[in-house]
Amino acid sequence: HALDSFAGKWNKKNWFDQLGLRVMYGVKGDMVYLCQIPQVGKVRATKLWHAGIKTVEDVAHNPDKVKKLLGVKGDLADEIINGAKLLCLDV
């Protein structure tokens with residue numbers, strides 16, 4: 001920590017936080033944020049990513065496309081979409 005504060009300034013706390021999430025979910029760094037949506041893990045994040053849904057905002061603003069891509073309905077679909085909307089509010 002001391003070396004980082006003197007010279008590097010590479011913001012290691014955020015880097016280690018993201019690395020932990022990458023390891024936990026088993027995804028590339030770009031997909032970590034999709035995995036923070038409730039009920040979205042590696043498989044669903046990968047499906048969304050390959051279909052062009054690459055951010056939490058994309059999920060929140062394209063509910064019909066997300067539901068169709070993931071093949072989810074009802075309460076599960078609502079949980080995913082509403083979770084994405086809540087994450088958008090936190091940004």
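In table form, for the structure just shown:
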quantity: Close pairs from the range 73-87: first in a helix (DSSP H, G or I), partner basic (Lys, Arg), Cβ under 9 Å, at least 6 apart; calculated: Ala77/Lys67; Ile80/Arg44; Ile80/Lys67; Ile81/Lys67
quantity: Check on Ala77, more than 13 Å from Met31 (Cα to Cα) and of a type in the set (Gly, Ala, Ser); calculated: yes
quantity: Filter result (among the charged types (D, E, K, R) and modelled with pLDDT of 90 or more) within the range 74-91; calculated: Asp75, Asp78, Glu79, Lys85
quantity: Subset of the range 45-67 (residues that are more than 15 Å from Leu86 (Cα to Cα), in a helix (DSSP H, G or I) and of a type outside the set (Phe, Trp, Tyr)); calculated: Ala45, Thr46, Lys47, Leu48, His50, Asp64, Lys65, Val66, Lys67
quantity: Count of residues meeting criterion [among the aliphatic types (A, V, I, L, M), over 18 Å from Val32 (Cα atoms) and open to solvent by 50 Å² or more (accessible area, probe 1.4 Å)] in the range 53-91; calculated: 2
quantity: Selected residue (only one of Lys13, Lys9 is at positive phi, out of contact with any Ser or Thr (no Cβ under 9 Å at 6 or more places or on another chain), open to solvent by 40 Å² or more (accessible area, probe 1.4 Å) and modelled with pLDDT under 90); calculated: Lys9
quantity: Any chance Asp4 is modelled with pLDDT of 95 or more and of a type outside the set (S, T, N, Q); calculated: no
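Residues checked against (1) in a helix (DSSP H, G or I); (2) loosely packed, with under 14 Cβ neighbours inside 10 Å; (3) at pLDDT 95 or above:
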| site | (1), (2), (3) |
| --- | --- |
| Leu19 | yes, yes, no |
| Val23 | yes, yes, no |
| Met31 | yes, no, no |
| Leu34 | yes, no, no |
| Ile37 | no, no, no |
| Val40 | no, no, no |
| Val43 | yes, yes, no |
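The values are calculated or read from the model by the stated rules, or taken from the named source; none is laboratory data. For clarity, every value in this text was computed on a predicted model and none was experimentally measured. Heads up, the Cβs are rebuilt from the backbone with ideal geometry, glycines too, and the neighbour counts pull from every protein chain shown. Side chains included, ligands, DNA and RNA excluded: accessible areas come from the protein's heavy atoms. Shrake-Rupley method; radii C 1.70, N 1.55, O 1.52, S 1.80 Å.
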